[in-house]
Amino acid sequence: MWLRAVVLAGSRGPWPPLLLASLAGWGLLIAFGHPPVMVGLCSGRLFDLGGGLSGASLALQVNGLAALAGCWALMLLAMTPPLLAQPLRRVWRGSLARRRGSVIAAFLLAYASVWMAAGAVLMAAAGVLGAAGAAGFAVALGLVLAWSLLPLRRACLARAHSAPRLRIFGLAAHVDGLAYGARSGLWCAGACWPLMLAPLLTGEWRLPAMAVAAVVMAAQRLSPVSTLRWDPPLRPAGAWRPA
Amino acid sequence: MTHVRKDISKLGAEWNPTVLWYAKAVGAMQQRAVTDVTSWRFLGAMHGVWPQLWTAFGYLKAGEKLPTAAVQARYWKQCQHQSWYFLPWHRGYLAAFEAIVRKTIHDLGGPADDWALPYWNYDPAHAATLALPAAFAAAKLPDGSANPLFVARRYGHGPGKIKLRPVEATAVATLKDGHFTGGSDGVPPGFGGPQGAFHHGGENDQAPSGGVESQPHNNVHVAVGGQAPNADPNDPRNLGLMTNPDTAALDPIFWVHHANIDRLWESWLSNPAHKNPTDATWLKGPADRVFAMPKPDGGEFTFTAKDMLDTKAPLLDYTYQALAAAAAAPSRRTERLNALSAQLPAIAAFMEAPVAQQPQSEVIGKNDGAVQLSGDAVETEVRLDPAATAKVAGSFAPSPALAAAASEPDRVFLKLENIRSVSDAGLFDVYVGLPAGADPEQHPELLAGVLSLFGVSKASRTDGGHSGNGLTQVLEITPIVDALHLQHDSPDLDRLRVRFVPRTAVTDAQKVSVGAVSVLRLGA
């Protein structure tokens with residue numbers, strides 16, 4: 001049942017292009033895992049080059065900003081498209097037919113920009129944690145677990161489902177597309193940042209770790225909002241207080 | 001022997017045996033502990049439960065033992081709304097309830113063998129049926145004891161007898177909808193509701209109610225429950241039980257109302273052109289949770305939609321005394337084409353068999369900002385896109401290619417999104433195209449439908465994992481657009497007025513708002 005439902009859902013709406021984009025991202029990550037300019041980057045050795053910020057700095061010198069940004073962009077291309085099905089469906093349905101393409105482009109531009117900015121912070125954090133070796137990875141894993149239990153993460157996820165009003169006419173349509181993309185990116189990054197950070201510290205295991213993280217992120221994002229709540233077992237109530 | 005669910009208005013005397021024994025069984029079930037799966041309260045909590053509110057209302061006592069966490073997780077808070085599982089889930093829910101009531105009547109020494117849940121057939125063609133069945137409004141049973149069917153927290157439209165307005169109760173247009181499953185964006189909403197691969201909200205967080213869930217189901221909930229007069233409607237303690245999904249099933253009228261909703265599903269199917277979904281995700285769904293119901297002996301049965309299709313099967317074991325006739329009439333499409341072709345010969349091109357191709361929806365206009373609704377009528381203007389409205393106008397004079405790709409001229413829908421409110425108590429008549437200053441009562445032909453706030457307060461919350469998107473409601477305005485087209489012959493429309501006329505006492509403190517009002521076309 002699950003499989004059938006997933007396959008059926010995957011054949012509809014925005015899913016075929018999103019899955020293709022994601023596959024392209026994974027393909028490029030695998031294909032360009034060891035290009036000369038990216039030595040130690042997409043293969044996961046970025047932060048083995050040295051210690052701490054100096055290691056990150058060295059990696060920056062060896063790989064260049066463009067290569068680092070390119071690699072992070074590939075990670076985003078591989079991992080984030082499944083997170084975009086719901087908002088892109090909204091933009092598609094909520095736009096005049098002739099503007100759908102350009103409003104979606106505005107959305108994606110803003111969404112990707114937010115994640116690229118988040119990438120700079122996360123890569124720097126990975127530089128610091130990478131210097132601590134296994135302890136650094138343990139800290140990253142701890143962050144994944146701790147964040148998954150915090151109400152703040154659930155709040156971010158719920159906000160990622162929020163559906164702001166989208167205007168449809170003129171420049172305003174694109175402004176709203178940009179704003180929606182930016183806020184979607186912010187809430188997504190807020191909910192998922194530890195899951196994007198941890199794979200940066202897994203060395204040779206980076207691709208499998210990314211795959212696991214991507215599956216977890218997609219499962220979280222695609223779950224109905226109602227399941228995001230953590231409802232403790234009900235107990236008899238005391239005095240009335242408003243919800 | 002298959003049990004026959006009967007029209008409560010045709011059962012004879014107010015305290016006929018069916019209703020009297022229903023009352024006695026309800027009374028007995030209300031005495032049972034909430035941990036008993038056959039108790040009134042356990043069954044009510046399966047639809048929804050809010051312990052603090054239940055305690056405030058006296059349905060729970062402080063310190064009372066509740067079912068274990070595992071039992072709560074399996075049975076409570078199951079109700080399916082804004083989903084194509086709305087009808088099958090509620091059918092299973094009613095069947096479980098009916099079997100438990102029947103067993104209770106048996107234990108009380110009553111005529112259990114042929115007892116079946118009656119239905120409240122609120123039918124505008126028979127004005128008397130719009131009133132709350134009398135036995136539910138009586139404070140005492142014939143023997144002078146308290147009437148378990150009577151609920152004080154049932155406020156209707158205000159002081160006096162509770163009576164539905166015809167526009168709230170009618171199901172005529174609903175029964176003519178040719179498709180069970182709604183479009184993925186709720187356009188059209190479909191008779192049974194929008195598809196979700198998983199349980200409600202899974203695929204589309206802003207799914208609207210399906211046709212029958214919206215009209216008359218949601219309307220009847222609020223029109224019966226209402227709110228306490230001159231009290232703060234933002235305080236849930238001042239709402240009628242039926243107004244809030246978390247208390248609705250505590251009111252005995254809930255079950256009689258839902259028997260009618262279930263009957264409307266059977267009525268809709270009486271038209272041979274109307275079919276249930278054949279999609280395995282519906283038949284065997286939902287994929288992410290089990291629909292579990294208690295049995296009279298304390299056991300349970302589980303089901304999916306495929307188990308709910310034959311009401312005569314042993315698990316359900318009932319038929320209806322009579323089905324609603326509206327579904328058997330010519331389909332909505334046929335009626336529409338016949339009406340249009342009288343004045344527009346080009347429409348004949350659509351008269352062949354319907355085209356199998358799935359029409360696509362497209363937004364063609366939107367208003368400028370959120371609308372705050374209040375106790376007075378409020379109007380907003382939807383600005384229409386000229387290129388898109390030209391497409392709609394063109395669909396009335398189809399080219400051969402269009403006639404081959406579409407089954408009828410474009411259908412047009414009004415979509416109300418991000419409907420938010422602190423209170424669930426609210427009903428608004430929604431008019432489209434009313435001239436400025438016109439009295440809506442004089443223009444029933446411009447009524448798009450009724451906006452009901454049933455379930456809105458929870459959908460508006462932003463705390464604890466709620467996204468706070470509010471409700472979405474989709475109203476078909478094709479007949480209004482057709483009339484405009486016939487009156488003006490391709491009117492050069494660039495604005496469409498939408499007026500919200502409150503039919504309940506609405507205060508500004510309720511903060512009822514509609515985030516966006518848009519118009520969509522559905523066509524080739």
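The values are calculated or read from the model by the stated rules, or taken from the named source; none is laboratory data. Treat the numbers as computed from the prediction; the structure is a model and nothing was measured. As a convention, Cβ positions derive from the backbone with ideal geometry for all residues, glycine included, and neighbour counts pool all protein chains shown. We work out accessible area using only protein heavy atoms, side chains counted, and drop any ligands, DNA or RNA first. Shrake-Rupley method; radii C 1.70, N 1.55, O 1.52, S 1.80 Å.
Could you please find all residues in the stretch B:125-167 being among the basic types (Lys, Arg) and either without any contact (Cβ under 8 Å) to a residue 12 or more places away in the chain or over 27 Å from B:Gly426 (Cβ atoms) (or both)?
If the condition is that a residue be among the basic types (Lys, Arg) and either without any contact (Cβ under 8 Å) to a residue 12 or more places away in the chain or over 27 Å from B:Gly426 (Cβ atoms) (or both), then B:Lys140 is the only one that fits.
Select from the stretch A:185-223 the residues that are among the aromatic types (Phe, Trp, Tyr) and out of contact with any helix residue (DSSP H, G or I) (no Cβ under 6 Å at 6 or more places or on another chain) and write down the one among them that is farthest from A:Ala158 (Cα to Cα). Give the derivation first.
At the first step, the residues of the stretch A:185-223 found to be among the aromatic types (Phe, Trp, Tyr) are A:187, A:193, A:205.
If we keep only those that are out of contact with any helix residue (DSSP H, G or I) (no Cβ under 6 Å at 6 or more places or on another chain) as well, we get A:193, A:205.
Details: A:Trp193: 15, A:Trp205: 31 Å.
Among those residues, the one meeting the criterion is A:Trp205.
Within the stretch B:35-58, how many residues are under 24 Å from B:Phe291 (Cβ atoms), more than 9 Å from chain A (Cβ to nearest Cβ) and either more than 24 Å from the chain's Cα centre (by Cα) or in a loop (DSSP other than H, G, I, E, B) (or both)? Before the answer, list the steps.
Initial filter on the stretch B:35-58 (under 24 Å from B:Phe291 (Cβ atoms)): B:35-51, B:54.
Keeping just the survivors that are more than 9 Å from chain A (Cβ to nearest Cβ) gives B:35-44, B:46-48.
Okay, now just the ones that are also either more than 24 Å from the chain's Cα centre (by Cα) or in a loop (DSSP other than H, G, I, E, B) (or both), so B:35-39, B:48.
Here the count works out to 6.
Would you pick out the residues in the stretch B:474-512 that are touching a Gly at 6+ places or on another chain (Cβ under 8 Å) and more than 23 Å from B:Ser341 (Cα to Cα)? Explain how you work it out, then say what you get.
Taking the stretch B:474-512 as the starting set, the residues that turn out to be touching a Gly at 6+ places or on another chain (Cβ under 8 Å) are B:474-476, B:480, B:484, B:496-497, B:502, B:504-508, B:510, B:512.
Selection gives B:Val474, B:Leu475, B:Leu496, B:Arg497, B:Pro502, B:Thr504, B:Ala505, B:Val506, B:Thr507, B:Asp508, B:Gln510, B:Val512.
Before we move on, is B:Pro124 surrounded by fewer than 20 Cβ atoms within 10 Å (Cβ to Cβ) and under 29 Å from B:Ala273 (Cβ atoms)?
Values: surrounded by fewer than 20 Cβ atoms within 10 Å (Cβ to Cβ): yes; under 29 Å from B:Ala273 (Cβ atoms): yes.
Yes: the conditions hold for B:Pro124.
Only one residue in B:Ala325, B:Ala329 is among the small types (Gly, Ala, Ser), free of Cβ contacts under 8 Å to residues at least 60 places away in the same chain and open to solvent by 20 Å² or more (accessible area, probe 1.4 Å). Which one? Break it down stepwise before answering.
Working: B:Ala329 fails: free of Cβ contacts under 8 Å to residues at least 60 places away in the same chain.
When all the criteria are applied, what remains is B:Ala325.
Does B:Leu373 fit the bill of being hydrophobic (A, V, I, L, M, F, W, C), under 30 Å from B:Pro502 (Cα atoms) and touching a Gly at 6+ places or on another chain (Cβ under 7 Å)?
In short, no.
Just to check your reading of the model, which residue among A:Ala59, A:Ala67, A:Ala9 is at pLDDT below 90, surrounded by 15 or more Cβ atoms within 10 Å (Cβ to Cβ) and within 14 Å of chain B (Cβ to nearest Cβ)?
Numbers: A:Ala59 fails: within 14 Å of chain B (Cβ to nearest Cβ); A:Ala67 fails: within 14 Å of chain B (Cβ to nearest Cβ).
Checking each option against the conditions leaves just A:Ala9.
Could you give me the residue pairs with C-beta distances under 8 Å whose first residue belongs to the stretch B:478-495 and is in the same structural domain as B:Ser361 (by TED's automatic domain parsing) and at pLDDT 75 or above, whose second residue is of a type in the set (Lys, Arg) and open to solvent by less than 60 Å² (accessible area, probe 1.4 Å) wherever it lies, and which are 6+ apart or on separate chains?
B:Thr478/B:Arg336; B:Thr478/B:Arg411; B:Pro479/B:Arg336; B:Asp482/B:Arg336
Within the stretch A:89-105, count every residue that is touching a helix residue (DSSP H, G or I) at 6+ places or on another chain (Cβ under 6 Å), surrounded by 23 or more Cβ atoms within 10 Å (Cβ to Cβ) and either over 12 Å from A:Arg167 (Cα atoms) or of a type outside the set (A, V, I, L, M) (or both).
We begin by selecting, within the stretch A:89-105, every residue touching a helix residue (DSSP H, G or I) at 6+ places or on another chain (Cβ under 6 Å); these are A:91-92, A:95, A:99-100, A:103-104.
Now drop any that are not surrounded by 23 or more Cβ atoms within 10 Å (Cβ to Cβ), which leaves A:91, A:95, A:103.
Retained after the next criterion (residues that are either over 12 Å from A:Arg167 (Cα atoms) or of a type outside the set (A, V, I, L, M) (or both)): A:95.
Adding up the residues that qualify gives 1.
Counting only residues that are away from chain A (no Cβ under 11 Å) and either of a type in the set (A, V, I, L, M, F, W, C) or surrounded by fewer than 21 Cβ atoms within 10 Å (Cβ to Cβ) (or both), which one in the stretch B:387-397 is farthest from A:Ala172 (Cα to Cα)?
Step by step, filter the stretch B:387-397, then rank; the result is B:Ala397.
List every residue pair whose Cβ atoms lie under 6 Å apart, where the two residues are 6 or more positions apart in sequence or sit on different chains, the first residue falls within the stretch B:235-248 and is over 12 Å from B:Ala425 (Cβ atoms) and open to solvent by less than 10 Å² (accessible area, probe 1.4 Å), and the second residue, located anywhere, is among the aromatic types (Phe, Trp, Tyr) and not in a loop (DSSP other than H, G, I, E, B).
Note: pairs meeting the criteria are B:Ala248/B:Phe254.
Given the criterion under 19 Å from the mean Cα position of the chain (by Cα) and either closer than 16 Å to B:Ala259 by Cβ or among the aliphatic types (A, V, I, L, M) (or both), identify the matching residue among B:Tyr93, B:Tyr85.
Working: B:Tyr85 fails: either closer than 16 Å to B:Ala259 by Cβ or among the aliphatic types (A, V, I, L, M) (or both).
Exactly one of B:Tyr93, B:Tyr85 is under 19 Å from the mean Cα position of the chain (by Cα) and either closer than 16 Å to B:Ala259 by Cβ or among the aliphatic types (A, V, I, L, M) (or both), namely B:Tyr93.
Just wondering, is there one or more residues in the stretch A:115-130 that are within 14 Å of chain B (Cβ to nearest Cβ), within 18 Å of the chain's Cα centre (by Cα) and open to solvent by 10 Å² or more (accessible area, probe 1.4 Å)?
Keep residues of the stretch A:115-130 that are within 14 Å of chain B (Cβ to nearest Cβ), which gives none.
Looking for residues that are within 14 Å of chain B (Cβ to nearest Cβ), within 18 Å of the chain's Cα centre (by Cα) and open to solvent by 10 Å² or more (accessible area, probe 1.4 Å), one finds none in the stretch A:115-130, hence no.
For (1) in contact with a Ser or Thr (Cβ under 6 Å, 6 or more places away or on another chain); (2) among the β-branched types (Val, Ile, Thr), each residue gets a yes or a no:
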residue	(1), (2)
B:Ala95	no, no
B:Arg102	no, no
B:Trp120	no, no
B:Pro124	yes, no
B:Ala128	no, no
B:Ser145	no, no
B:Val151	no, yes
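Name the residue, out of B:Ala73, B:Ala13, B:Ala95, B:Ala69, that is in contact with a Phe, Trp or Tyr (Cβ under 9 Å, 6 or more places away or on another chain) and either surrounded by fewer than 19 Cβ atoms within 10 Å (Cβ to Cβ) or not aromatic (Phe, Trp, Tyr) (or both). Talk me through it step by step, then tell me what you get.
Numbers: B:Ala73 fails: in contact with a Phe, Trp or Tyr (Cβ under 9 Å, 6 or more places away or on another chain); B:Ala13 fails: in contact with a Phe, Trp or Tyr (Cβ under 9 Å, 6 or more places away or on another chain); B:Ala69 fails: in contact with a Phe, Trp or Tyr (Cβ under 9 Å, 6 or more places away or on another chain).
One residue alone meets the criteria, B:Ala95.
Answer yes or no as to whether B:Leu283 is without any contact (Cβ under 8 Å) to a residue 60 or more places away in the chain, in contact with a Lys or Arg (Cβ under 7 Å, 6 or more places away or on another chain) and surrounded by 15 or more Cβ atoms within 10 Å (Cβ to Cβ).
Details: without any contact (Cβ under 8 Å) to a residue 60 or more places away in the chain: yes; in contact with a Lys or Arg (Cβ under 7 Å, 6 or more places away or on another chain): yes; surrounded by 15 or more Cβ atoms within 10 Å (Cβ to Cβ): yes.
The answer is yes for B:Leu283.
Are any of the residues in the stretch B:462-480 surrounded by fewer than 17 Cβ atoms within 10 Å (Cβ to Cβ), within 14 Å of chain A (Cβ to nearest Cβ) and on the phi < 0 side of the Ramachandran plot?
If we filter the stretch B:462-480 for residues that are surrounded by fewer than 17 Cβ atoms within 10 Å (Cβ to Cβ), which is where we start, we get B:462-464.
Going one step further and asking which of them are within 14 Å of chain A (Cβ to nearest Cβ), we end up with B:462-464.
Within this subset, residues satisfying the condition of being on the phi < 0 side of the Ramachandran plot are B:462-463.
Yes: one or more hits.
Determine whether the stretch B:226-234 contains at least one residue that is buried (at least 24 other Cβ atoms within 10 Å of the Cβ), in contact with an Asp or Glu (Cβ under 8 Å, 6 or more places away or on another chain) and within 14 Å of another protein chain (Cβ to nearest Cβ).
For the stretch B:226-234, residues buried (at least 24 other Cβ atoms within 10 Å of the Cβ), in contact with an Asp or Glu (Cβ under 8 Å, 6 or more places away or on another chain) and within 14 Å of another protein chain (Cβ to nearest Cβ): absent.
Given the criterion farther than 30 Å from B:Gly27 by Cα and either surrounded by 15 or more Cβ atoms within 10 Å (Cβ to Cβ) or not assigned by TED's automatic domain parsing to the domain that holds B:Pro400 (or both), identify the matching residue among B:Lys295, B:Lys275. Even if it seems obvious, please write down each step before you answer.
On the way: B:Lys295 fails: farther than 30 Å from B:Gly27 by Cα.
That would be B:Lys275, the only listed residue that is farther than 30 Å from B:Gly27 by Cα and either surrounded by 15 or more Cβ atoms within 10 Å (Cβ to Cβ) or not assigned by TED's automatic domain parsing to the domain that holds B:Pro400 (or both).
Sort out which residues of the stretch B:76-96 are over 14 Å from B:Phe180 (Cβ atoms) and within 12 Å of another protein chain (Cβ to nearest Cβ), and write them in order of number. Walk me through how you get there before you give the answer.
At the first step, the residues of the stretch B:76-96 found to be over 14 Å from B:Phe180 (Cβ atoms) are B:76-82, B:89-90, B:92-96.
B:Trp76, B:Lys77, B:Gln78, B:Cys79, B:Gln80, B:His81, B:Gln82, listed by residue number.
Being surrounded by fewer than 18 Cβ atoms within 10 Å (Cβ to Cβ), touching a residue at least 40 places away in the same chain (Cβ under 8 Å), within 14 Å of another protein chain (Cβ to nearest Cβ) and of a type outside the set (S, T, N, Q), is that true of even one residue in the stretch B:358-377?
Taking every residue of the stretch B:358-377 in turn, at least one turns out to be surrounded by fewer than 18 Cβ atoms within 10 Å (Cβ to Cβ), touching a residue at least 40 places away in the same chain (Cβ under 8 Å), within 14 Å of another protein chain (Cβ to nearest Cβ) and of a type outside the set (S, T, N, Q).
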